[in-house]
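Bear in mind these aren't lab numbers, they're just calculated from the coordinates by the rules spelled out. None of the values given here were measured: they were computed from a predicted structure. Glycine gets a Cβ as well: all are built from the backbone with ideal geometry, and neighbour counts include every protein chain shown.
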Amino acid sequence: MSGPLLELEDIHVAYGKVEAVRGINLKLDEGRITTVIGANGAGKTTLLSAAAGLLPWRGRAQYQGRDLARMSAEDRVERGFCLVPEQRALFGDMPVLDNLLLGAYVRRRDKTFVRKSLESVFEQFPRLAERRAQEAQTLSGGERQMLAIGRALMSQPRLLLLDEPSLGLAPTIVRDVLTRVRGLRDQGVSILLVEQNARAALDVADHAYVMDTGEFVLEGPASDLATDPRVIATYLGGSSD
Ligand SMILES: Nc1ncnc2c1ncn2[C@@H]1O[C@H](COP(=O)(O)OP(=O)(O)OP(=O)(O)O)[C@@H](O)[C@H]1O
Ligand SMILES: [Mg+2]
């Protein structure tokens, strides 16, 4: 495939009369980590939810060169388009293993697919293998985020949309989670990473967009934005972790 894996053009999303996303343009290249950073309330979750088909939106969107608006939820999953939501949305009273198996629900009849996916997830997250019989709600915050990502990997995605994986995690755990996200990128999974934690996101990403009240205000290689005085003043100020 030539061209970007995901291309969003002039996307608008509104809650009633209030426009939370106001004409954004984004290109995501295959095999890279693209991040959208922005403060609380900037519209990051709204943008991801719209892209994942969970909210109505206006504009043009293409995934693998196809019109995203015409893709059903099943189509998206089959084509490897997978959202890891902000709240992690795990089934707390179900074992880790059952939470993982739900990630392959669409392919559940393909036993080989499910077995291979599970082997690969357990290989990448040995902690989940150790805790496979444990209820999800008994996991630590970092382990729950790993489980949310592991569940997404069960569908063998090509594009992972990660909404704020650092939320509520201690700095060392954030680094651990994002190092694994980079590992996924190195295995060929493309990533759209949405984060309030600008420093951590710019550290791990290849390309970055800065979102402010529903619009993208800056764009560039992540390493350039990490040293951009405007980004430092507004998004990196004071936090040195
Ligand atoms: N269900 C909703 N109904 C009405 N307004 C909403 C709804 N969800 C979000 N908003 C508003 O839309 C704007 C963008 O919210 P959004 O959750 O997308 O921001 P965000 O960048 O993800 O923030 P955070 O970093 O805190 O997760 C905010 O002003 C928010 O109050
Ligand atoms: Mg959000």
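Odds and ends about this structure:
- Counting only residues at least eight positions apart within a chain, or on another chain, the lysines with an alpha carbon under 26 Å from that of Lys27 are Lys44.
- Each of Met71, Met94 was scored by other Cβ atoms within 10 Å of its Cβ. Arranged with the fewest first, they read Met94, Met71.
- Across the options Ile173, Gln62, Thr138, the greatest Cα extent toward the positive end of the charge dipole of the chain (unit charges at beta carbon of Lys, Arg, Asp, Glu) belongs to Thr138.
- Reducing the stretch 1-62 and the stretch 103-181 to their Cα centroids gives an inter-centroid distance of 24 Å.
- Likely footprinting exposure, Phe91, Phe113, fewest C-beta neighbours within 10 Å first: Phe91, Phe113
- Diffusion coefficient of the stretch 111-241 by Stokes-Einstein, Kirkwood radius over Cα pairs, 37 °C, 0.692 mPa s: 205 µm²/s.
- Of all DSSP-defined beta bridges confined to the chain, some 55% are antiparallel rather than parallel.
- Derived scalar couplings ³J(HN,Hα) [the stretch 104-118; Karplus, 6.51 cos²θ - 1.76 cosθ + 1.60; whole Hz; x for Gly, Pro]: 10, 4, 4, 9, 4, 7, 8, 4, 5, 4, 5, 5, 5, 4, 5
- Rg/Rh (Cα only; Kirkwood hydrodynamic radius) as it applies to the stretch 6-235: 0.96
- Other-chain or far-sequence residues with amide H under 5 Å of Ala20's (modelled H): Val13, Ala14, Tyr15
- Across the stretch 1-63, Cα-Cα pairs farther apart than 16 Å form 45% of the total.
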